[in-house]
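Bear in mind that the values in this text are calculations on the coordinates, not laboratory data. All values derive from a computational prediction rather than experimental measurement. Heads up, the Cβs are rebuilt from the backbone with ideal geometry, glycines too, and the neighbour counts pull from every protein chain shown.
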């Protein structure tokens with residue numbers, strides 16, 4: 001069992017490092033947000049008495065990078081199905097659960113690497129980490145976010161047979177998850193409906209946990225953030241495992 005998981009995990013890591021253009025390309029959007037928003041709204045944010053906007057923004061941008069990378073890792077199942085790679089994997093004498101675990105761990109690891117690169121780059125833009133002793137906890141939050149959305153990507157990909165529905169998923173699910181997570185704005189004083197949505201949104205707890213660890217300004221609480229993420233991960237991985245086991249190739 002562990003050998004199969006390790007092989008699939010390693011395969012995802014190797015695929016990541018074999019595509020430098022993919023690494024560079026996936027950095028474009030986070031860097032755009034850092035520059036355009038970090039510096040563009042910095043003065044407005046500070047004049048409103050909220051402090052340094054870049055310090056507030058970076059944890060949200062790191063979470064965004066992890067979100068997109070993790071989700072795409074899960075959705076790669078669609079590509080593998082279309083080109084026949086998935087069929088080759090599924091006919092191997094191993095359980096589908098092992099295959100899913102190996103792919104999910106590999107995708108989550110890649111997403112954490114991507115998020116770490118964004119975090120390192122943000123230091124050159126002027127971001128200051130609140131406490132370097134808490135970096136391990138920051139990596140834990142990053143991995144939990146990655147595992148959560150890799151599982152979501154797997155569940156989505158298990159239901160779709162081609163990429164035609166993927167843009168709908170991006171526009172009506174992924175972008176709202178990001179924009180309504182508190183990644184770009186404080187969670188205090190929101191309209192009631194937005195407040196409810198942010199509390200339902202699992203990424204909210206990932207962003208808040210990262211912000212609490214990296215910038216020392218958690219709104220919800222680190223312990224609550226960890227608990228909610230853990231529960232949602234169990235639920236999504238259970239759903240993802242069930243849907244993946246039902247894939248027809």
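Calculated translational diffusion coefficient of the range 2-245 (25 °C, 0.890 mPa s; Stokes-Einstein with Kirkwood radius over alpha-carbon pairs) equals 133 µm²/s. Compactness of the range 169-236, taken as the C-alpha radius of gyration over 2.2 N^0.38 Å, stands at 1.08. Here is how the number arises for the chain: DSSP H runs of 4 or more residues each give -39500 (n - 2.57), the sum is divided by the residue count, and the result at 222 nm is -25000 deg cm²/dmol. The alpha carbons of the range 129-222 stretch over 45, 33, 16 Å along the principal axes, in descending order.
When the Gaussian network model of the chain links Cα atoms closer than 10 Å, the mean-square fluctuations of 111, 146, 155 top out at 155.
Modelled this way, with points 7 Å down the Cα-to-C-beta line, the labels at residue 188 and residue 245 are 4.7 nm from one another. Projecting label points 7 angstrom from Cα along Cα→Cβ for residue 24 and residue 227 puts them 4.7 nm apart. Principal-axis analysis of the Cα atoms of the chain puts helix 20-40 at an angle of about 20° to the longest axis.
Largest mean-square fluctuation among 71, 32, 105, in a Gaussian network model of the chain whose springs join Cα atoms under 10 Å apart, belongs to 32. Computed from Cα atoms, the angle from the helix 135-159 axis to the main principal axis of the chain rounds to 50 degrees. Using only Cα atoms, tell me the angle between helix 2-17 and the longest principal axis of the chain; keep it within 0 to 90° and round to the nearest 10. With rounding to tens, the tilt is 60 degrees.
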